[in-house]
Amino acid sequence: MIYSKGPGGMDNVWSGMFAWLTMIDQLCMPAPVLTELRAIVGPGNLRLAAGELAVYARDATPLFRGMPDAVIAPADGEQVARILRLATEHRIPVVPRGAGSNLCAGTVPLNGGIVLSTARMNRILEVAPDEMLARAQTGVTTQALNDAAAAHRLFYPPDPGSRTVSTIGGNVATCAGGLRGLKYGVTRNYVLGLTVVLPTGEIIRTGGRLWKDVAGYDLTRLITGSEGTLGVITEVTVALLPDPAISRTGLAYFDSLAQAGRAVAGILAAGVIPSTLEFLDRKCIDAVEQYAHLGLHSDAGALLLFGDDGDEAAVARSFERIAAACADCGAIAVQTAGDATESEALLTARRCTLPALSRLGSLTILEDASVPRPRLAEMVARIDAIAARYQVTMATFGHAGDGNLHPTCVLESAADTEGIARAERAFADVFGTAIELGGTITGEHGVGAAKLPYLGKRLGTEQMALLRRIKTAFDPAGILNPGKLGS
Amino acid sequence: MTDAKVSQPGSIFDPDLLSRCISCGFCLPACPTYELTGDEASSPRGRITLMRALESGTLAADDPTLAEQASFCLGCRACEPVCPAGVQYGELLEQWRGYQWAGRRRPLVVRFLVIAAERAWAHRIAGRLRGAARTPASASGPSLMLGCFERTLFPEVSKSALALAPELAVPARQGCCGALHAHNGEPERGRELAKQLGAQLPGQIVSTAGGCAAYLAAVIGRDRVAELSEYLRDKPFGEVRIGDRRARVALQDSCHLRNGLGVWREPRALLNAIADYVELPGAGQCCGAAGTYALVRPRDSRRVLDPKLDQIEAAGIDYVVAVNPGCLRQLRQGLHRRKSKVRAVHIADLLRLAGADEPAGKPGHGTDTRVSPVP
């Protein structure tokens, strides 16, 4: 039996029930299990107090809450295995959690149970320059891994916005993307091997240190993006690339996003694959200008931020072609940075987009959808129409190079339940439209609990059934991250 | 000491400030206590979740995790510069402590310090006995703020500051800036004291204590307050030499000066001019002094300090420079415990040692190339 108290838990409605529920949960979590958990990790690494649990009731996703019954921080894979065996035996939900920076409610314990924190497994095990790879425990931050690689003039290309805080294990579990997706791909393109603890307690090693290895089903890729529903990743081996000598940025303004979209096609047709190709729509430009006073063009309909890296001559060559392609498509103005400092300054516009938008209200819902690259402008126009229909403030920015958009809804108050309901209906339409245009409901944030209602529409009944069979093969008791992908 | 009115859940926090956080977690790697524990509850995001639970009543007002985390937080505000949503964590912590540390719930040592800080006459007498700087009451110009504890603990700092900027007026009659109160459970009293000090010292106020400068500026206005290195930034200085070479020096930022006031380039530029400057890897991170923290939680304070002392000893420097008396005390004690050869000095003292812009090799202040040791 999986004991469940349903979703929610922190809302005002629940506040009176809260202490009572916590008490019930204590009863549900049998004392011998608690004793055993404590014996596995040591008393300091098992947390049970109401306040200690409350902070694990949410992650970076707004609106999703669920109280855990225990938070546990194991030191290594062996301890993880013992915890999972115990959880399977007693049918206790386990939610693996890295830094809790995901945006799909992937680490919210909706069914209570145990939150398994990977914070203590935070050692970089090796950087092997001759093999161009790194091996790290799951709780190492992506930034720390990249810094260790940089000491050997190597780099780890995936650069999700949260890389300073997000863990490499979490990045693998959600197959994180980032700004460099078009040129370098995403997390799955760099994972060579994984050590994974199965819910039944076995420890498996998939892949390894090899670029070429076709022995068996590609479990490494299956587990990459499985969002903690198939196993707990405890160790990661990733491929690295030589650090590019320089990196430069520029920006171009257009009258409309449609024009910017044509420029993107022109740039790629000219044989350039930029390392960065980001866009801001009109509403984002206004918000950023209002917030940061960067002197952005006030009457532009779209801003395209481009960048490339490599040796100096190659970057100069691709910048010439990019500038020419933008001019051909009627750019109002094109600005290119002369050095790294100027590049940073231009990137500010993109970096402060979310902060600028979040200041428009007190609840910011940052969403994620992808469409084929040529349909990007059309998608943004459809998003604008949907926002108008539901009377919500929605601005869109994202990755023009790979068709990945981040429509962002800002509401004045987090207590505006009617407004939240309208925003949710609007987003349902946005995801439907993305599918209609040949796209998907999430490009890089993940499914988690937030996108699960739309997953069937994207995958179809047969694939959903197969997903559930795969889930059962890995996790017969259904203890790992219930209520998420595979449920 | 009178107890200010104790706020109740539902009215502890400014709702606008409390709703700012979007829970993205970007603050986690900046937080020294999260670094120690890896526990969400001791991260800024986790603490804001706790504040919200307290405010909404989802956690009992006397929940032990609330009390523990309100006290475990250093209050260094390293989370503020990295926050994309502009959360004013320092303000929120003041409001939180205003509740958690109201009246008898306040740690004893803090109660004692707050009472001591309010006794302006005692500071005046102690400052006089210890030989802190003073000028005739008739002196005009920008005022040097003495700081209630610096005046007694490190009287040479104000003398150095006056030697560096003789135009400063240093009236003996000046009170506390209120930062101590504000950070330790009496935010309203803190503001009152800051305003009083602002009225006592008209015009620009120069401070040798980064923490006091940041708090005073937040209450009476940024334009009226300058931290010493900010005030002296355009002045030429000589060199500090040890034997026949330039001294090697590193800086320990004052957290509130850096994270609250945004002043960190200025002391570096000055040190770079007078000596060979070495940037410590964790120069911008808290040393664990954190106002009353070193007294309230000595063990945690040392856990924060220890890696920093390792860095200081590994850097091959002669001096580590502080811009706040609390940091100076913390570093001196830590280095003394380790019997380290590295000296901790206040920037005012080191600048005075460098003297005015004279030919290199001629220290402007006697022949002694060492700053006097711990008083």
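Quick notes on this structure:
- Rounded to 5, the percent of DSSP beta bridges in chain A classed as antiparallel: 90
- Just so you know, the Rg over Rh for chain A is 0.98, from Cα atoms, with Rh as the Kirkwood radius.
- Within segment A:243-278, backbone nitrogen closer than 14 Å to the virtual label 7 Å beyond the Cα of residue A:313 toward Cβ: none
- Residue B:310/residue A:385 FRET efficiency (R0 56 Å; Cβ-Cβ; nearest 0.05): 0.40
- In chain B, the inverse of the mean reciprocal separation of distinct Cα atoms equals 21.2 Å; this is its Kirkwood hydrodynamic radius.
- Trypsin sites (Lys or Arg not before Pro) restricted to segment A:130-179 and DSSP loop, no more than 15 other C-beta within 10 Å: A:153
- Simple spin-label estimate for residue B:188 and residue A:188 in nanometres, 7 Å along Cα-Cβ: 5.9
- Residue-averaged beta-carbon neighbours from other chains (10 angstrom radius) around A:88-94: 0
- Modelled label positions at residue B:8 and residue B:139, each set 7 Å beyond Cα in the direction of Cβ, lie 5.1 nm from each other.
- Helix B:89-100 vs. chain B, principal-axis angle (Cα, 0 to 90°, nearest 10): 60
- Charged side chains reduced to their Cβ positions (Lys and Arg at +1, Asp and Glu at -1) give chain A a dipole of some 1120 debye around its Cα centre.
- Relative to the longest principal axis of the Cα atoms of chain B, the long axis of helix B:155-164 lies at roughly 60 degrees.
- Angle in degrees between helix A:282-292 and the longest Cα principal axis of chain A, rounded to the nearest 10: 80
- Mean separation of Cα pairs under 8 Å and 6 or more residues apart, divided by the residue count, gives chain A a relative contact order of 15 percent.
- Selection from A:229, A:466, B:64 lying farthest towards where the dipole of the protein assembly as shown points positive, charges on Cβ: B:64
- Our helix-only sum for chain B, with -39,500 (n - 2.57) per DSSP H run of n ≥ 4 divided by its residues, gives a mean residue ellipticity at 222 nm of -12500 deg cm²/dmol.
- The protein assembly as shown: antiparallel DSSP beta bridges as a percent of all, rounded to 5: 70
- Contact order relative to length of segment A:124-242, as percent, for alpha carbon pairs under 8 angstrom and 6 or more apart: 32
- Across segment A:141-185, the residues whose backbone nitrogen lies under 14 Å from the label position 7 Å along the beta-carbon direction of residue A:241 are A:154-160, A:178-185.
- Report note on the peptides B:204-215, A:203-214: ranked by the mean count of other C-beta atoms within 10 Å, highest first, their order is B:204-215, A:203-214.
- Non-local Lys pairs in chain A, i.e. 8 or more apart or on different chains, that have alpha carbons under 26 Å apart: 10
- Longest site-free stretch - chain A; sites: GluC sites (Glu not before Pro), DSSP loop, at most 16 other Cβ within 10 Å: A:203-411
- Measuring between their Cα centroids, segment B:212-236 and segment B:58-103 lie 26 Å from each other.
- For the segment B:51-64, counting C-beta atoms of other chains within 10 Å of every residue's C-beta and taking the mean gives 4.
- Exposure proxy for B:115, B:22, A:246: other Cβ atoms within 10 Å of each Cβ, ordered fewest to most, give B:115, A:246, B:22.
- Translational diffusion coefficient (Stokes-Einstein; Kirkwood radius from C-alpha pairs) of segment A:246-339 at 20 °C, 1.002 mPa s, in µm²/s: 162
- DSSP beta bridges in chain B [antiparallel fraction, %, rounded to 5]: 10
- In terms of its alpha-carbon gyration tensor, segment B:194-329 comes out oblate; a/c meets the 1.5 threshold, while b/c is at least as large as a/b.
- Under DSSP loop assignment and at most 16 Cβ neighbours within 10 Å, longest GluC sites (Glu not before Pro)-free interval of chain B: B:1-166
- Residue B:61-residue A:89 pseudo-label distance in nm [points 7 Å out on the Cα-to-Cβ vector]: 4.5
Computed from the coordinates by the stated procedures, all read-outs in this text should not be read as laboratory data. What you see is a predicted model; the values in this text were computed from it and never measured. Cβ coordinates were reconstructed from backbone atoms using ideal geometry, including for glycine residues, and neighbour counts include every protein chain displayed.
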